[in-house]
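J.: So that we are looking at the same thing, I have put the structure below in structure tokens.
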Amino acid sequence: MMNPILNNILETFNTYLNTSIPKSKMETSLEESMRYSLEAGGKRIRPLLLLATLDMLSEEGYQKGMSSALALEMIHTYSLIHDDLPAMDNDDYRRGKPTNHKVYGEWMAILAGDALLTKAFELIATQNDLKPNIQIQLIQSLAQASGHLGMVGGQTLDMQSESQQLTLSQIQTIHEHKTGALIHFAIVAAAIIAEAPPRITQLLSDFAKQLGVIFQIKDDLLDVYGDQEKLGKPVGSDILNDKSTYVTLLGKTEAEHQLNSHIQQAEDILNTLASEYDESHLNELLKLFYQRQN
């Protein structure tokens, strides 16, 4: 359970999200399919990271980050819709509900993902209370984080590496891009909006990279040792798809050791930030990363 301030940020974000995709005049079910996955729940950890970081950095609070946070959640959701497709991970359930293609069909799921991806950049481009140079930086950063040099590139490496025995370095490269890139954007976007000093931006960037690794190692552990009911999807999908993970390569004990090492590095960065900022919300979100059960 999060503190009242983070809960308030989350409630504000969800209210904004729930009104973000009005029905069009074309009388299709595209918007319904988009909303089905976007409103499916989840922890909203990426938008929360962006908004909480901005709240820490800016005297104006987090409101100017709302469009960027929703854009980030839309891109994350599109990636999940596509990941679940039969040609990719072939999953039937996501967040305890049937996956998008199970409800709306494969072609609609593909188009819903495409629409969420493009809607994300529209949101940032039309946010008039941001300086144009800030908008450009955000769009460039999000495009890089989600494209062939980021999430999509990492997903490609992941798919190409199925049925192969990977090294630790190769696994780290995959997830630095596939998982870590959007987490990194979440925190760096806040620094862009707040026009934070370069030293602070670098510290936040380093913290975000630690979070990305923490998230993935925990994810790999949950895929083998997690509770299917809490996860909202079947466990063992990585083994079924013959993927190399931190757990398959290192074993449970060493994977947990690596997890704890990255947690300590992330905490050290927050301790450095604490001399200038109230980093308590980021500390709480860090705990959500490594204590989560789904």
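J.: For the range 123-225, which fully contained helices (runs of 4 or more DSSP H) count at least 1 residues that are in contact with a helix residue (DSSP H, G or I) (Cβ under 7 Å, 6 or more places away or on another chain), open to solvent by less than 10 Å² (accessible area, probe 1.4 Å) and closer than 23 Å to GLU267 by Cα?
T.: Working: elements: 132-146, 151-160, 168-178, 180-194, 198-225.
Where helices (runs of 4 or more DSSP H) fall fully within the range 123-225 and carry at least 1 residues being in contact with a helix residue (DSSP H, G or I) (Cβ under 7 Å, 6 or more places away or on another chain), open to solvent by less than 10 Å² (accessible area, probe 1.4 Å) and closer than 23 Å to GLU267 by Cα, they are 180-194, 198-225.
J.: Looking at the range 274-294, which of the residues that are over 20 Å from ALA196 (Cα atoms) and in a loop (DSSP other than H, G, I, E, B) is modelled with the lowest pLDDT?
T.: Of the range 274-294, the ones over 20 Å from ALA196 (Cα atoms) are 284-294.
Remaining after also requiring in a loop (DSSP other than H, G, I, E, B): 292-294.
Details: ARG292: 85, GLN293: 77, ASN294: 72.
Top of the filtered list is ASN294.
J.: Could we say that ILE81 is surrounded by 23 or more Cβ atoms within 10 Å (Cβ to Cβ), part of a helix (DSSP H, G or I) and of a type outside the set (S, T, N, Q) here?
T.: On the way: surrounded by 23 or more Cβ atoms within 10 Å (Cβ to Cβ): yes; part of a helix (DSSP H, G or I): yes; of a type outside the set (S, T, N, Q): yes.
Yes.
J.: Ok, one more. Go through the range 110-122 and give me each residue that's crowded, with 18+ Cβ neighbours inside 10 Å and not hydrophobic (A, V, I, L, M, F, W, C).
T.: GLY113, LYS119
J.: Which ones in the range 100-125 are touching a residue at least 24 places away in the same chain (Cβ under 8 Å) and not aliphatic (A, V, I, L, M)?
T.: Narrowing the range 100-125 to residues touching a residue at least 24 places away in the same chain (Cβ under 8 Å): 100, 103-104, 108-117, 119-121, 123-124.
Answer for the range 100-125, where residues must be touching a residue at least 24 places away in the same chain (Cβ under 8 Å) and not aliphatic (A, V, I, L, M): ASN100, TYR104, GLY113, ASP114, LYS119, PHE121.
J.: Could you give every pair whose Cβ atoms fall below 9 Å, whose first residue belongs to the range 242-257 and is part of a loop (DSSP other than H, G, I, E, B), and whose second residue is open to solvent by 70 Å² or more (accessible area, probe 1.4 Å) and not aliphatic (A, V, I, L, M), counting only separations of at least 6 or pairs across chains?
T.: Within 9 Å, the pairs are ASP242/SER163; ASP242/GLN164; LYS243/SER163; SER244/GLN164; SER244/GLN165; SER244/THR167; SER244/GLN170.
J.: Being surrounded by fewer than 19 Cβ atoms within 10 Å (Cβ to Cβ) and part of a helix (DSSP H, G or I) is the filter here, so list the residues in the range 95-109 that pass it. Steps first, please.
T.: Residues of the range 95-109 that are surrounded by fewer than 19 Cβ atoms within 10 Å (Cβ to Cβ), as a first pass: 95-98, 102-103, 105-107.
Within the range 95-109, LYS102, VAL103, GLU106, TRP107 meet the criteria.
J.: Quick check on HIS76: is it more than 22 Å from THR126 (Cα to Cα) and open to solvent by less than 50 Å² (accessible area, probe 1.4 Å)?
T.: Working: more than 22 Å from THR126 (Cα to Cα): no; open to solvent by less than 50 Å² (accessible area, probe 1.4 Å): yes.
Judged against the criteria, HIS76 is not a match.
J.: On to the next question. Would you point out the residue of the range 33-46, among those that are in contact (Cβ under 8 Å) with a residue 40 or more places away in the chain, out of contact with any His (no Cβ under 9 Å at 6 or more places or on another chain) and assigned to a helix (DSSP H, G or I), that is surrounded by the fewest Cβ atoms within 10 Å (Cβ to Cβ)? So that I can check it myself, show each step before the final result.
T.: As a first pass, look at the range 33-46 and keep what is in contact (Cβ under 8 Å) with a residue 40 or more places away in the chain: 33-34, 36-38, 40-43, 45-46.
The next check asks that each one be out of contact with any His (no Cβ under 9 Å at 6 or more places or on another chain); those that pass are 33-34, 36-38, 40-41, 43, 45.
With assigned to a helix (DSSP H, G or I) added as a condition, the list becomes 33-34, 36-38, 45.
On the way: SER33: 23, MET34: 26, TYR36: 21, SER37: 25, LEU38: 25, ILE45: 19.
The qualifying residue surrounded by the fewest Cβ atoms within 10 Å (Cβ to Cβ) is ILE45.
J.: For the range 8-29, indicate whether the set of residues that are within 25 Å of GLY154 (Cβ to Cβ), open to solvent by less than 40 Å² (accessible area, probe 1.4 Å), in contact with a Leu (Cβ under 8 Å, 6 or more places away or on another chain) and not in a helix (DSSP H, G or I) is non-empty.
T.: no
J.: If you don't mind, there's one more thing I want to ask. Filter the range 266-280 down to the residues that are among the polar types (S, T, N, Q) and open to solvent by 80 Å² or more (accessible area, probe 1.4 Å) and list them by number.
T.: From the range 266-280, those among the polar types (S, T, N, Q) are 271-272, 275, 280; that's our starting set.
Scanning the range 266-280 gives ASN271, SER275.
J.: Against the condition over 21 Å from ILE174 (Cβ atoms), under 17 Å from the mean Cα position of the chain (by Cα), assigned to a helix (DSSP H, G or I) and not hydrophobic (A, V, I, L, M, F, W, C), how does GLU267 come out, does it pass?
T.: Working: over 21 Å from ILE174 (Cβ atoms): yes; under 17 Å from the mean Cα position of the chain (by Cα): no; assigned to a helix (DSSP H, G or I): yes; not hydrophobic (A, V, I, L, M, F, W, C): yes.
When the stated conditions are applied, GLU267 does not pass them.
J.: Between a first residue in the range 202-221 that is over 17 Å from THR253 (Cβ atoms) and at pLDDT below 95 and a second residue that is in a helix (DSSP H, G or I) and of a type in the set (Ser, Thr, Tyr), which pairs have beta carbons less than 8 Å apart while being 6 or more apart in sequence or on different chains?
T.: GLN216/TYR246
The values are calculated or read from the model by the stated rules, or taken from the named source; none is laboratory data. No experiment lies behind these values; they were computed from the predicted model shown. Don't worry about glycine lacking a Cβ; one is built from the backbone with ideal geometry, like all the others, and counts go over all protein chains shown. These area figures cover heavy atoms from the full protein model, side chains too; ligands, DNA and RNA do not enter into them. Shrake-Rupley method; radii C 1.70, N 1.55, O 1.52, S 1.80 Å.
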